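Colleague: Take this structure first; my questions come after.
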Amino acid sequence: GDSVTQMEGPVTLSEEAFLTINCTYTATGYPSLFWYVQYPGEGLQLLLKATKADDKGSNKGFEATYRKETTSFHLEKGSVQVSDSAVYFCALSDPGGFKTIFGAGTRLFVKA
Amino acid sequence: DTEVTQTPKHLVMGMTNKKSLKCEQHMGHRAMYWYKQKAKKPPELMFVYSYEKLSINESVPSRFSPECPNSSLLNLHLHALQPEDSALYLCASSQERKETQYFGPGTRLLVL
């Protein structure tokens, strides 16, 4: 079945460091891909999305490109801030539209 | 209004109690979801309503009973829960089933 694999965390970075969180997926058909962020004690917020191959989603300095050839959707940010500390979930919406499948989540800590 | 609201924020209940969680959205979304999230885990889908009809039940125990009284409201009725049911319960909505989901802040449930 469809699945999402994320790099294990936690990831600890200093402020202004470059961030990459790897995400790969397995799916039949052409899913939409998402990154959600969850701050402590809160629900999930959509960070960015891409709906077809080679699309780039971007928001708040984060970006990710839908790579069909490598089945990947890696999250990047050029300069992280302390306020980016959160858990990041990669997800796909299966082409049948019935479910969103989440990766295990990657916890990011950013030190001042 | 791009908000999904959930009440209560916190709930403590005994194993013999009956309680209800409530979720509301006014974005005109026709799909609504209940998820359960344990600590340091991704959300697990419980139920999906599409056009006020239950379309997915992920083999959830009958002590959880969903209800969708109208297109803006989603309830989750709880009865005879177990301590292992303690978790964050998240509600989400989307325009259609395969579109971006918008999450509420969740209800943190503790079963004693």
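The values are calculated or read from the model by the stated rules, or taken from the named source; none is laboratory data. In this text, all values refer to a predicted model and were calculated from it rather than measured experimentally. Positions of Cβ are generated from backbone atoms using ideal geometry, with glycine treated the same way; all protein chains shown enter the neighbour counts. Surface areas here come from the heavy atoms of the whole protein model, side chains and all, with no ligands, DNA or RNA. Shrake-Rupley method; radii C 1.70, N 1.55, O 1.52, S 1.80 Å.
Colleague: Of all residues in the range B:8-26 being surrounded by 13 or more Cβ atoms within 10 Å (Cβ to Cβ) and polar (S, T, N, Q), which is modelled with the lowest pLDDT?
Modeller: B:ASN17
Colleague: For residues that are away from chain A (no Cβ under 12 Å) and in a loop (DSSP other than H, G, I, E, B), tally how many sit in the range B:83-112.
Modeller: 2
Colleague: Let me ask another. Kindly indicate whether any position in the range B:27-42 is farther than 30 Å from A:GLU8 by Cβ, modelled with pLDDT of 90 or more and basic (Lys, Arg).
Modeller: yes
Colleague: Among (1) small (Gly, Ala, Ser); (2) surrounded by 14 or more Cβ atoms within 10 Å (Cβ to Cβ); (3) not in a strand (DSSP E or B), there is one condition B:ALA39 misses while meeting the rest; what is its number?
Modeller: (2)
Colleague: Return the pairs, sorted by first residue and then second, in which the second residue is open to solvent by less than 20 Å² (accessible area, probe 1.4 Å) and in a strand (DSSP E or B), the first residue lies in the range A:74-94 and is away from every other protein chain (no Cβ under 14 Å) and of a type in the set (Ser, Thr, Tyr), the beta carbons are less than 6 Å apart, and the residues are 6+ apart or on different chains.
Modeller: As it stands, the answer is A:SER85/A:LEU108; A:SER85/A:VAL110, since those pairs meet every condition given.
Results for (1) in contact with a Ser or Thr (Cβ under 9 Å, 6 or more places away or on another chain); (2) at pLDDT below 95, shown as yes or no for each residue.
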{"position": "B:PRO61", "(1), (2)": "no, yes"}
{"position": "B:CYS68", "(1), (2)": "no, no"}
{"position": "B:LEU81", "(1), (2)": "no, yes"}
{"position": "B:LEU90", "(1), (2)": "yes, no"}
{"position": "B:THR100", "(1), (2)": "yes, yes"}
{"position": "B:ARG108", "(1), (2)": "yes, no"}
